[in-house]
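Shown next, in structure tokens, is the structure this report addresses.
What follows draws every value from the coordinates through simple rules; no lab data is involved. This structure is a prediction, so every number in the text was calculated from the model and none was measured. So basically every Cβ, Gly included, is an ideal-geometry build from the backbone, and we count neighbours across all protein chains shown.
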Amino acid sequence: MRIAYDVTPLSHPRTGVGNYILGALKGMLEAGGHAHELVAFGPVSIRGRKLLDDALAGLDVERRMVTVPFAHATRRAWGTLRRPAAERFLGEFDVLHFTDWMHPPQRRGLRVTMIHDLGPLHFPERLHPRTVRMHTANAHEAHKCDVVFVNSEYTAADVAVRLAVPRERIRVAYPGVSTVFTPAGPGFDKPFIFSTATSDWRKNLGNLQEACELLDEQLPLITPPYVVHLGDDDLARFYRGASVFVYPSRFEGFGMPVVEAMASGTPCVVSNHASLDEASGGAAVRVDPESPQAIAAGIEEALSRRDELVARGLEHARRFTWLDTGRAHLRGYADAL
């Protein structure tokens, strides 16, 4: 197969979507992608080109990138104008896999996309209109796709019901855990509570802060912005150095930080919203994200059950590898051809 894979999110500071794209590419190569042609493509900004090149360094993939001064506008125009066809820049391909950043036109081959979650459609009033428009457009494009990848069974069901995409076209490809997230390595000398929650309404930092004020034992809470620019090595140090990791999100597509914390040997307290069931497994203390009192009680329970939760978390986290992600992608393409 010749697989054209949109990597434009890697031209920005990496978040969950960028990590998934990079992990999936590495997983496909590890799973036998060398027997196929992997083509990384996309129009990117001048500033973002270095970030993208650094991210792809060492990966055995063909690169078809175009550096343009107004990358976001170019990506939008390409999908809106529906020309030129992607084949003009990429040559012939068997698969065109695009992200929610752009929707390139094509003449032939499988049309494939990835939906990480439908949060912007569930909570449009909480987000910037541009974000909602972008995700709404991607939802419409999903109807035209031969394969729609998602990162959990929860999101698969959500896409099938809310977007009316036939379930047989939806494929679950769970994210993997980087090998950097491990209990072995440096931590910190003093105990603290760690969370990647932010001021974003969905991430629920406010209720977590209130919960920490209710604790009998006053442990400092470490959250972004202090860690927002950390690389994986430093992030892993915070995970493994924490007494407990708390993820009180109101809604997720999967919830990768939960599994990263488990892989780092840290007990986890996680929202009981159903979107986090698969990330949590049976290895986390689950709490009502709307109740600071419940979050505080969950933290105290996790601290008292530390050894048990750490063992369960390590076992659960071993289920998630980028190799399996890559295999799921290659199998999804092959089955649809």
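Tabulated values for the structure
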item: Stretch in the chain that is longest and holds no chymotrypsin sites (Phe, Trp or Tyr not before Pro) that DSSP places in a loop and that have at most 16 other beta carbons within 10 Å; result: 71-187
item: In sequence order, calculated HN-Hα J values of the stretch 82-91 (Karplus, 6.51, -1.76, 1.60; Hz; x Gly/Pro); result: 6, 6, x, 5, 4, 4, 5, 9, 9, x
item: Whole-angstrom gap from the stretch 211-286 to the stretch 1-41, using each part's C-alpha centre; result: 27 Å
item: Simple Cβ-charge dipole of the stretch 193-317, Lys/Arg +1 and Asp/Glu -1, about Cα centre, in debye nearest 20; result: 120 debye
item: Ranked packing of 257-263, 203-209, 52-58, most packed first, by mean Cβ within 10 Å; result: 257-263, 203-209, 52-58
item: Cβ crowding within 10 Å averaged over residues, with 107-120, 129-142 ranked highest first; result: 107-120, 129-142
item: Shape category assigned to the stretch 183-323 from the gyration tensor of Cα positions, a/c cut at 1.5; result: rounded
